[in-house]
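Please treat every number below as a calculation from the coordinates, not as lab data. The structure displayed is predicted, hence computed values, not measured ones. Heads up, the Cβs are rebuilt from the backbone with ideal geometry, glycines too, and the neighbour counts pull from every protein chain shown.
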Amino acid sequence: MADLYGLRTRDAAGAVTLDTTITPIRSLKMLQVTGNGAFDQYISVPEIQAASFVVVDTLRDGGEQTFSPQAWYSTGQLQLRQPQSLTWQVMVLSQGGEPFAAPGSYGIRASNNNVRTQIDAINKVLSIRYSGGFSIGFQGPGSGNQVQWGEVTFPAPITTTERPLIFLNAADYMMVGNFYVRGAPGNWTGFRIKAFNNQAAHGTIALYPMQIKWFCASYMAPNTDAGIYGASVRDAAGNRTFVTTANLSLLNGQPASNSFSAGGTPITGTGYYASPLQMGWTGSYEDYVLANALFSNTNIIQTTQPYRANFGGFLSGNRSVLQMYCENFDGQNPLSANGRTLFASRPMKPL
């Protein structure tokens, strides 16, 4: 039997709230960058290491025209395509192998064979704030009815500067896009997402409602104590950065931002074409996909169709691939889904 090292906590009912032998919790480093108006902008980000993965997100609520730039990353460098002069949120996620930020840092680190856990007072962990579900799309063959938008209002606003991260899953088939978070920095109030189901490409399953599950995560842990059971971590100023009573968003899938390749059936029509692309997925129905950058639009400047929809999700009965489409009405500047930053996640505890 392999040696096990680390930390385990339980609540009053005996349920495990943290187990570093099985729970891969990774730290999250937040920073902002500003576009310089170039077509391709290369930005030095020393926090991006060889094993890091990165999410680039907007700080704006532009309604249906909310967009995110295509983004690629390598060690120490971030590439943004047409970032304009806007400010973008960059989230660097780690696999827990980095040293602590500086002498005197606070935190927990455990290594259990191939599972590494790092919770510290400089980086952050993602805590699940809210969760729920809704049904969108066509309501059955011959009904003629379609619920086009899924809309969620949070029970209370999320007060982080960064947009909260929205993760989506479905009972089976899911094709969605035009995603945006409502609100503004310090006052994020909910989100909307649009159904893009298509019978010609996906068969009769596209005529039935899509049963969507979601959860919302942010780096700010709920302001609760660990109580007499559990553990918490605070920074030097006494601010709590982690507590085992929180439900963590586990970062268990790490697709690269250049992992999409041509695959699937194109969606075509008069004056319309949506190119199909696929990425290998986890194979598990338990895994949620990050919506923030993947399902938001791309802005292409100086074309007759400046906002291009990225839409997609899960094919019926198949979680081995993530299926995406990129719209292209005018035949100019075709797009790829590459550069859409994302990852797979699931809750540590049942929702």
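Some notes on this structure:
- Charge tally for Met324 (other residues, Cβ to Cβ under 13 Å; Lys, Arg +1; Asp, Glu -1): +1.
- Taking the Kirkwood radius as Rh and the Cα radius of gyration as Rg, the range 200-326 has a ratio of Rg/Rh equal to 1.10.
- Most fluctuating residue given options Pro141, Pro157, Pro83, as computed from a GNM of the chain linking Cα atoms under 10 Å: Pro141
- Here the spin labels are modelled as points 7 Å beyond Cα on the Cα-Cβ line, and at Leu31 and Gln148 they lie 4.1 nm apart.
- Extent along the principal axes, Cα only, for the chain: 63, 46, 42 Å, with the longest axis given first.
- 16 Å reach of a label modelled at Tyr272, 7 Å along Cα-to-Cβ, counting backbone N of the range 187-223: 194-203, 206-207
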